[in-house]
Structures are given as structure tokens and as C-alpha cells.
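Comments concern the structure below.
Nothing in this text is a laboratory measurement; each read-out follows from the coordinates by a stated rule. Just so it is clear, the structure is predicted and the values come from calculations on it, not from any experiment. As a convention, Cβ positions derive from the backbone with ideal geometry for all residues, glycine included, and neighbour counts pool all protein chains shown.
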Amino acid sequence: MRQPELVPDARGHFGPYGGMFVPETLMSALHDLAAEYERAKHDSEFQEELAGLLRDFAGRPTPLYLAVRLTNHLAGAKIYLKREDLLHTGAHKINNALGQILLARRMGKHRIIAETGAGQHGVATATVAARFGCECVIYMGATDMERQALNVARMRFLGAKVIPVTAGQATLKEAINEAMRDWVTHVRTTHYILGSALGSHPYPMMVRDFHRVIGVEARRQILEREERLPDLLVACVGGGSNAIGLFHPFLDDLSVRMIGVEAGGEGISSGRHAARFQGGRLGVLQGTKTFLLANEDGQIELTHSVSAGLDYAAIGPEHSYLRDCGRVTYDYATDDEALAAFRLLAEIEGIIPALETAHAIAHVTKIAPKMSREEMIIVSCSGRGDKDVAQAAQRLL
Ligand SMILES: *Cc1c(COP(=O)(O)O)cnc(C)c1O
């Protein structure tokens, strides 16, 4: 194992990954954003305002909850859930949305755009735009709009304009293309609140930093409660923001192992999945160099997952780097395994997780029984499952 660097270089490289692969017209906006973010990071007024919003508006700190019945059921390691599902709007996404809306205000940009997959990032963005009185436009794939109708209605009640994107597979990748097209056209008045640790520099670093609060709290909470660090961290990985937010504050703690769980869809051999580290290759997509699902000519392949939030062809560049270093390992859970975990957590703990989160829970059900009762796992409970109930009912009830 190689000890990873904790920050990217000045142009956003995590080892050979990351960078700024964008049209010329966006370069100056990205440099301005990176510079403004550096200033904000060291501005105590900015940090205090963000901390106040995270506390009073979003509901931080979130509990670190000992899942007693799940632990007993699996008869292995002790399982703690980091309850991001209890945040306002129902997932970790609000941490990043609040940080970025404060940056947009600092830069004098009053029009906000975003892409969304499952709709959770769109809801978080529409929420902070309403809170700060900004115009808000959300791009969403038409396929995702169908499977996440509840979140579409929420965004509209929050005053956002939701624009359906019908190109290609009509999911997240196409929504990001449209958002980038909008940004190129309106860059002087508009800030793009990107929703995961993805895209061009400075987004992967900045989004990660806004989510580090997850790991910082979890580390403090477990030390208070158990007087030692956990043995294992588990999180699902779409772009990778909830995972990197939990993992990053523990990277120097070499006794703590970490596993990111990708979407295995209908199985790797079926080709219908979104597990970029299972047969993916190095490439460039939407601003960043990283592992992605593409054919030999570099054409992006179709992806599939039961959870819209994990259904994306590229993984955040820092995850590619942490995998190379051997610091974090990556596995996957299939749709069926995630659905079973969704049902298990609901029945046994009284917590209905998001289908994305259910991938992390599914992995825990495989690994916890192989660990001793003295060992401890913290799993990122990244979101709640209200948005997924109708879809899960179709498959399970
Ligand atoms: C969006 C989302 C994810 C996936 O995004 P990451 O950036 O990988 O965290 C996971 N869980 C929930 C609940 C989400 O809403």
C-alpha cells in the first residue's frame, strides 16, 4: 500500500487522474471558482456561516447509530450507521449544496443550475436556491424523471424549473451534458452546483471537502463512544461523494480499512451494471480523467442500476487514485442484493434506506459475518428510501 496524498495538485490531479478537461469557454470560470473556493476555505466567516446552516437548516451533526438488531442478525462485527438519511431533504447531498450556494453568493451569481440522477441532488439544490432566493434550473434525464416522480414534484414545489433531457439513455450523463451546455452559455450570471465528487477541478476536491464533515463527525463520535477507531468503513459509490466524505478524514489512520461499493446491476457478466472498476477503463468524461465504462473506441457504454443515483459511467477521480494506492478497495452489489438489503434494514432496524445506500448495506451483510464480534464497521447511511418506495414495491411486494 502507498500512503495517498490528501490534496490534488494545483490543476486538480490525484495521481494520474482528475484534471480539467473542459471547453476553453469554461476555463476562466473554473479558475475563478477554484480561487474563490481557496479564499472561502480560509475565511472564518464563511466557515462559520456554513457550520450554522449545516446545524440549524440541515440538521447536523447526524447520529452515529449502533444497529443492534442488524449486528445480532449477522452475528459478526458491530455495525454503526452514520445517519445522513436524517438530514433535511433526506440525503448527504445537502452538505455540498449548502457549501456551493454560499460560494455562488460570494461570486455574485444568482442563477443556479444543476444536474440530477435520482433527484436527490436536484432537491438539495432547489432547496438551497429557495433558501437564498436564487433562480434555479435542474436538468434531469426523462427516464429518471419517470422513476423519480416524487422528487420532480418536490423540486417544482421548491420553485425550480425541471428540464427533461431526452438525448441518449436519458439519464444522468445526458443531464450533465445539458447542464454544461447551459453553463457555457450563461457562465457570467450562473453557478453550476455539481452534485458529486466528479467533473473538472475544482469540483472533485471542493465537493469532497464539503462532505468531509461526515467522516470528521463519525471519527469523533466513535472515539467518544468506543474509545477506539473502527476497523472498516463501507459506503456506496456513484460519483463517490458520500464515500469520500466518510473516508477522507480516516485516510491517515492505517488501521482503518475502507470499501466502496459500486452498482453491480444485473451482474457484471450481463454487461448491465455501473461498476466502473469491474471491466472499466481509463478515459475522460465530462471534465475529468478516471475509470469509466467505455468500449475500445472510447464510446461511453450504457449503464444500468436499480438505483438512479449510482447509474453513471464514471467514478470520481480520487477513488481511482485511492484504488491505485491500495488504500481503499472496491466491490459491487447487484440490484437483487441491494433490494434484499433494502428490505432487511427496513424490517430489522425500522430504517428504510435509499436504494443507493442499500448497496452498502448489502456489502455489510456479506462481510460482517466474517468478522469478529470485537471488530467494528461504520457504514454510510447516505439517504432515506422514501423516493424509492414505489419502485421497490414493484419489485418486492
Ligand atoms: C446521490 C446519492 C448517492 C450517490 O452519490 P455519491 O456521490 O456517490 O455519494 C448515494 N446515496 C444517496 C442516498 C444519494 O442520494
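Some points to look at:
- For the range 369-388, filtered to residues that are among the small types (Gly, Ala, Ser) and crowded, with 24+ Cβ neighbours inside 10 Å, the residue that is nearest to Leu233 (Cα to Cα) is Ser380.
- Restricted to the range 167-257, the set of helices (runs of 4 or more DSSP H) holding at least 2 residues that are more than 14 Å from the ligand (Cβ to nearest atom) comprises 172-186, 203-226.
- Selection from the range 317-364 of residues that are of a type in the set (Ser, Thr, Tyr), within 13 Å of the ligand (Cβ to nearest atom) and either in a helix (DSSP H, G or I) or in contact with a Leu (Cβ under 7 Å, 6 or more places away or on another chain) (or both): Thr357
- Of all the criteria given as (1) in a helix (DSSP H, G or I); (2) free of Cβ contacts under 8 Å to residues at least 60 places away in the same chain, the one not satisfied by Phe277 is (1).
- Cys134, sole failed condition from (1) in contact (Cβ under 8 Å) with a residue 60 or more places away in the chain; (2) over 28 Å from Val379 (Cα atoms): (1)
- Flag for Arg69 being in contact with a helix residue (DSSP H, G or I) (Cβ under 9 Å, 6 or more places away or on another chain), of a type in the set (Lys, Arg) and away from the ligand (no atom under 16 Å from the Cβ): yes
- Matching residues, the range 162-199, being under 13 Å from Ile113 (Cβ atoms), free of Cβ contacts under 8 Å to residues at least 60 places away in the same chain and β-branched (Val, Ile, Thr): Val162, Ile163, Val165, Thr185
- Checking each residue in the range 91-110 for being outside any helix (DSSP H, G or I) and either crowded, with 19+ Cβ neighbours inside 10 Å or on the phi < 0 side of the Ramachandran plot (or both) picks out Ala91, His92, Met107, Lys109, His110.
- The range 280-316 - residue that is part of a strand (DSSP E or B) and away from the ligand (no atom under 16 Å from the Cβ) and, of those, nearest to Met140 (Cα to Cα): Ile300
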